[in-house]
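S.K.: Just passing along the structure, written as structure tokens.
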Amino acid sequence: MSGLLWDYERKRARAMLHLDVLRESVEGFTNVKRQRVLGEFDADASQHIFEVPLEGIDPEWALLVGDFVYDARASLDYLITALIRSTGKQEHDASQFPIYGIGRKPGASWLEVEQRWDTDPGGGIRRNLDRTPPATKAALKQLQPFYGVPTTNPVQHSLFALQTLSNRDKHRRLNLLVHRAAINFVDAGGQPIFQGPALHGRIAKPDEGDTYTVTLAVNEKQHVDVYLLPTYDVRLNEPPELMGGLIETLTCIDQFIDGRVLPAIRGLLP
């Protein structure tokens, strides 16, 4: 069995390499301890104004996302090849790990997508899984984004995210990354001025000079200097499907493949 999965394991290892490099780079950016920015008080508007510097996003990140997605998606196809080899039959060019529901039928409900999986009117699933063990289609159904609807949300499914990223990377440059800022207002000693969690906001485009402006409206000027302490996250920006944290989304894809897909395939191998 280990021999049958050799190609898959190598492809998965390459995907993991891209993800590890990406994670290290992104965490290096988000974990930087940044300087506090002193606000200027506008008495006429009764607000503090902060001009906050913002570092640019590393252009390599989008490429690393695309590399991870390509290798992760290809590794699933390698699993189908492993199943065909396990039967002793000839490999063929139509084999593929089907992820069902993306762009199948505009306006169709997810329950209709499940019905189309079962009936396979165009024969696409039959061609993808031709020469695999007889139980393959039933085993893969439980891994599909539609499985469990309506008690589950298919848009939050890891294979849905993988297929969406894969399709968009094929047709255009992956331009998915935006900053999300966590904004904390502190005094000169770094102590919070206001109680409660930090505010969050998306920074779509820096102002001229690679800065962005934050305003804090108040009833009256504070008795201490007010500073803004920014921290940043990097998130996907592909509405409406992909709006979560970048590393969190890719990690969930990786964990789903290891935790759900691979055991299902192992269960079909002799």
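Quick note: the coordinates plus some simple rules give every number you see, no bench work behind them. These numbers were taken from a predicted model, which means no experiment stands behind them. Because the Cβ atoms are built from the backbone with ideal geometry, glycine has one as well, and the counts that use them run over all protein chains shown.
S.K.: Can you quote the Å³ per residue value for the convex hull of the Cα atoms in segment 27-157, rounded to an integer?
M.R.: Details: hull volume 28.0 nm³, N = 131.
Cα convex hull per residue, to the nearest whole number: 214 Å³.
S.K.: State the label only: which of (1) 19.6; (2) 18.4; (3) 15.5 corresponds to mean projected area of the Cα convex hull in nm² computed from the shown model?
M.R.: (2)
S.K.: Mind sorting Asp120, Asp93, Asp258 by how few other Cβ atoms lie within 10 Å of their own Cβ, fewest first?
M.R.: Numbers: Asp120 16, Asp93 6, Asp258 12.
The order, fewest Cβ neighbours first, is Asp93, Asp258, Asp120.
S.K.: Let me ask something else. Please give me, ordered by residue number, the GluC sites (Glu not before Pro) of segment 2-78 that lie in loop per DSSP and have at most 15 other Cβ atoms within 10 Å. Numbers along the way, then the final one.
M.R.: Numbers: sites: Glu9, Glu24, Glu27, Glu40, Glu51, Glu55, Glu60; in loops: Glu55.
When the GluC sites (Glu not before Pro) of segment 2-78 are filtered for loop state and at most 15 Cβ neighbours within 10 Å, Glu55 remain.
S.K.: By the gyration tensor of its Cα atoms, with a ≥ b ≥ c the square roots of the eigenvalues, what is the shape of segment 50-92: rounded for a/c under 1.5, prolate for a/b over b/c, or oblate? Don't jump to the answer; show the numbers that get you there.
M.R.: On the way: a/c = 9.76, a/b = 5.86, b/c = 1.67.
In terms of gyration-tensor shape, prolate.
S.K.: To the nearest 0.05, how large is the calculated FRET efficiency for Arg127 and Glu24 if R₀ is 41 Å and r is the Cβ-Cβ distance? Each step should come with its number before you reach the end.
M.R.: On the way: r = 40 Å, r/R0 = 0.98.
Step by step, r from the Cβ atoms, then E = 0.55.
S.K.: What are the aspartates and glutamates whose alpha-carbon lies under 16 Å from the alpha-carbon of Lys89, with same-chain residues fewer than 8 places away excluded?
M.R.: Of all the aspartates and glutamates, those that pass the test against Lys89 - Cα under 16 Å, at least 8 places apart if same chain - are Asp130.
S.K.: Amide H to amide H under 5 Å from Val226: which residues, 5+ apart in sequence or cross-chain, H placed 1.01 Å off N in plane?
M.R.: The answer is Gly39.
S.K.: Ok, one more. Nearest 20 debye, what's the magnitude of the dipole of the chain about its Cα centre given +1 on Lys and Arg Cβ and -1 on Asp and Glu Cβ?
M.R.: Details: 30 positive and 35 negative charges, 331 e Å.
Taking the Cα centre of the chain as origin, the dipole is about 1580 debye.
S.K.: What are the ³J(HN,Hα) couplings of segment 110-118, residue after residue, when phi is run through the Karplus curve with 6.51, -1.76, 1.60 and θ = phi - 60°? Round to Hz, x for glycine and proline.
M.R.: Using θ = phi - 60°, the values come out as 5, 5, 5, 4, 4, 5, 5, 4, 5 Hz.
S.K.: What are the ³J(HN,Hα) couplings of segment 8-19, residue after residue, when phi is run through the Karplus curve with 6.51, -1.76, 1.60 and θ = phi - 60°? Round to Hz, x for glycine and proline.
M.R.: 4, 4, 5, 5, 5, 4, 5, 4, 5, 4, 4, 5
S.K.: Please list, in chain and number order, the residues 5+ apart from Gly244 or on another chain whose amide H is under 5 Å from its amide H, with Hs placed from the backbone.
M.R.: Excluding prolines and chain starts, which carry no amide H, the hits are Leu236.
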